[in-house]
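Novice: Mind having a look at this structure? Questions to follow.
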Amino acid sequence: MTIISLQHVTKDYGHGRGIFDVSFHVKKGTVYGFLGPNGAGKTTAIRHIMGFSKPQQGIVTVSGLNSWNNASTIQETLGYLPGEVALPEHLTGEQFIQMMMDLRKIKDDTHCKKLMDFFELDASGKVKRMSLGMKRKLAIVTAFMHDPDILVLDEPTSGLDPIMQQRFIDFIKDEKRRGKTILLSSHIFTEVDATCDEISIIKEGHIISSFNKQELLNMTEKVFHLTVENTKDYTQLIQMIESDITFQLISKNEQINELQISCYPSDLSKLIKRIADFPLLSFSEVPFSLEKHFMEFYDRRVGGELPWQ
Amino acid sequence: MINGTIFKQTLRANIKLWLIFTLVLTLLQVVMVSVFDDRMITDIGHMVEGTPLAGFFGQTTLLSMLASTFYAIHGVIFPIIYIIMTANSLIAAQVDRGSMAYLLSTPTKRSTIIVTQASYLIIALVVMFCIETVAGFITLQVFQSDVDVVIADFMMLNIGLFLLMFAISGISFFFSSLCNLSKNSLAFGAGIPLAFFLFQLLSSVDDSLEVLRYFTMNALFDTAAILEGENYWWQFGILLGIGIVLYIASLVVFKRKDLPL
Ligand SMILES: Nc1ncnc2c1ncn2[C@@H]1O[C@H](COP(=O)(O)OP(=O)(O)O)[C@@H](O)[C@H]1O
Ligand SMILES: [Mg+2]
């Protein structure tokens, strides 16, 4: 079941800014990563999900409701973490939490207390005097205080220290386990890599790639790093790899008899059978890096050479 | 339609400014009423007899003196400044800073926000002018008990001034609801009321500038008409109408506009 859906959404701010014909769908219970550099249009897309902006073209729905016409209804089951923390400064953290509880008509504050403990939020002082990290934690707690089914998080870990970033990622994984639907925008590969099932990459307002991480992993070539015992076997192995089109030689270092081989997962057992005859000192898989994949994508597409369509 | 939680926060954030302006306005009224000296005016009247100023001082009563001072200058400009600052902070400043996002990430309708914030501004003005009027009335009784003052006219001056401020608050609130940037909201929401005030002031000091009367809404608060018993109800009606239309327009534009949050 689709929870968040953007269909051919266009918002043109002029000068090539905005988002153009953006479509993606977030299914129930998945973590969807929205990845792109600063200014790519992530916040603009999220604005439409929240009903802050009306699309010039296209339709945005949340749980089947048009997000422009039903914004306030949608908020009942949605938690939103803005990309920039701009809390009302005249309040103390506690007053702000109380205000948000009142606006959401929450009577029971046990969940909220739990979140405050988990993120080590000290809400006693004035918001104005809080550090950026503390403000972010305050925003996080108020976004999740009503235990919403849908989470929309705009660059959630920016401004958090590394320990809190990790804790946040753990929190997201836990929420996913509890069946929440999560949209997470980010320009950091590692946090998307660590949490997301589906990923869309956006650049200059256009979605340039959408994929399922598991499918991508199954589809992409595996890379292995090998060290051979002696030069004679090393040369033979290289000849064998180069003569077989199912394997690719990625790199070699003749001085220390090292090489990297890649092949598709379907050819794995064939590869293992072939190299079993060689005396090896080491054999290890080079882990797949989303970042590397992402960069390749960017370099290919963003040079401006390829047309968008 | 008014949200109690938002109203409470708005009150908390704005009460200080309101107190200061209410105090200043009330003090000005009290001072101006109490310093009026009937005999002094009569003395001056004798002194200037036969000069062009004779007419002016001959006619001077307490209320006409107030009409050309408090109800033309102090009582107008101070509430205008209060309105400009408050109206901007109620909507546009929160959109500009981004803190409006938190209100709208709860099940709160945009219309609820506008109605609540507009109510705050209107109630703040009503209470401000009630306090000012009551203080003026008491001062009249205490310091000017021997002077003949038409209380009905005094009340009408205050009601007229309030209606003018209601209409002006409509202008500032409308631009606060329309603009996403504080600087734009202030350019119009402060610029127009201040221009109206200046036009009115200039048109009253020099005959050659009288034409400016036709370019200021403030002329609809016609103190001379009130004191001379002419018909001023249609002017009051227009001021009230302008205010109501602008507040409704604020609701409409805010519901329809794109918020860059
Ligand atoms: N309200 C707006 N008016 C004009 N341009 C805007 C507005 N909001 C965003 N933009 C522009 O649209 C582009 C995308 O911005 P944004 O969605 O905030 O990017 P991201 O969140 O991915 O960093 C940027 O070039 C930005 O300058
Ligand atoms: Mg952003």
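The values are calculated or read from the model by the stated rules, or taken from the named source; none is laboratory data. Everything numeric in this text was worked out from a predicted model, so none of it was measured. Here Cβ is always computed from backbone atoms with ideal geometry, including for glycine, and neighbour counts include all displayed protein chains.
Novice: Going through the stretch A:53-102 one residue at a time, which ones are within 16 Å of ligand 1 (Cβ to nearest atom), touching a residue at least 12 places away in the same chain (Cβ under 8 Å) and within 14 Å of residue B:101 (Cβ to Cβ)?
Specialist: Scanning the stretch A:53-102 gives A:53, A:80, A:81, A:82, A:83, A:85.
Novice: Hey, any hits in the stretch A:202-213 for a residue that's hydrophobic (A, V, I, L, M, F, W, C) and closer than 27 Å to residue A:86 by Cα?
Specialist: Taking the stretch A:202-213 as the starting set, the residues that turn out to be hydrophobic (A, V, I, L, M, F, W, C) are A:202, A:207-208, A:211.
Keeping just the survivors that are closer than 27 Å to residue A:86 by Cα gives A:202.
Yes: one or more hits.
Novice: When only residues in the stretch A:33-52 that are within 6 Å of ligand 1 (Cβ to nearest atom) and within 22 Å of residue A:70 (Cα to Cα) count, which is farthest from the other protein chains (Cβ to nearest Cβ)?
Specialist: Ranking the candidates gives A:42 first.
Novice: Under the condition of being more than 12 Å from ligand 1 (Cβ to nearest atom), of a type in the set (Ser, Thr, Tyr) and surrounded by fewer than 22 Cβ atoms within 10 Å (Cβ to Cβ), which residue from the stretch A:9-32 is nearest to the chain's Cα centre (by Cα)?
Specialist: Selected residue: A:30.
Novice: Where in the stretch B:57-135 are the helices (runs of 4 or more DSSP H), entirely inside, with at least 2 residues that are surrounded by 19 or more Cβ atoms within 10 Å (Cβ to Cβ) and more than 14 Å from chain A (Cβ to nearest Cβ)?
Specialist: Details: elements: B:62-68, B:75-90, B:92-97, B:100-104.
Once the helices (runs of 4 or more DSSP H) in the stretch B:57-135 are filtered for at least 2 residues that are surrounded by 19 or more Cβ atoms within 10 Å (Cβ to Cβ) and more than 14 Å from chain A (Cβ to nearest Cβ), what remains is B:62-68, B:75-90.
Novice: Right, something else. In this structure, does residue A:209 turn out to be hydroxyl-bearing (Ser, Thr, Tyr), more than 16 Å from ligand 2 (Cβ to nearest atom) and touching a residue at least 60 places away in the same chain (Cβ under 8 Å)? Before the answer, list the steps.
Specialist: Details: hydroxyl-bearing (Ser, Thr, Tyr): yes; more than 16 Å from ligand 2 (Cβ to nearest atom): yes; touching a residue at least 60 places away in the same chain (Cβ under 8 Å): yes.
So residue A:209 fits the description; yes.
Novice: For the stretch A:237-258, indicate whether the set of residues that are in contact with a Ser or Thr (Cβ under 9 Å, 6 or more places away or on another chain), part of a loop (DSSP other than H, G, I, E, B) and surrounded by 15 or more Cβ atoms within 10 Å (Cβ to Cβ) is non-empty.
Specialist: Checked against the condition, which is being in contact with a Ser or Thr (Cβ under 9 Å, 6 or more places away or on another chain), part of a loop (DSSP other than H, G, I, E, B) and surrounded by 15 or more Cβ atoms within 10 Å (Cβ to Cβ), the stretch A:237-258 yields at least one hit.
Novice: Looking only at the stretch A:193-209, how many residues end up being modelled with pLDDT under 85 and either surrounded by fewer than 18 Cβ atoms within 10 Å (Cβ to Cβ) or within 15 Å of ligand 1 (Cβ to nearest atom) (or both)? Spell out how you get there, then give the answer.
Specialist: Here is the first cut: in the stretch A:193-209, the ones modelled with pLDDT under 85 are A:193-194, A:209.
When the remaining residues are screened for being either surrounded by fewer than 18 Cβ atoms within 10 Å (Cβ to Cβ) or within 15 Å of ligand 1 (Cβ to nearest atom) (or both), the result is A:194, A:209.
Final tally of qualifying residues: 2.
Okay, residues lined up against (1) buried (at least 19 other Cβ atoms within 10 Å of the Cβ); (2) touching a Lys or Arg at 6+ places or on another chain (Cβ under 8 Å):
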residue	(1), (2)
A:36	yes, yes
A:48	yes, yes
A:56	no, yes
A:77	no, no
A:82	yes, no
A:87	yes, yes
A:108	no, no
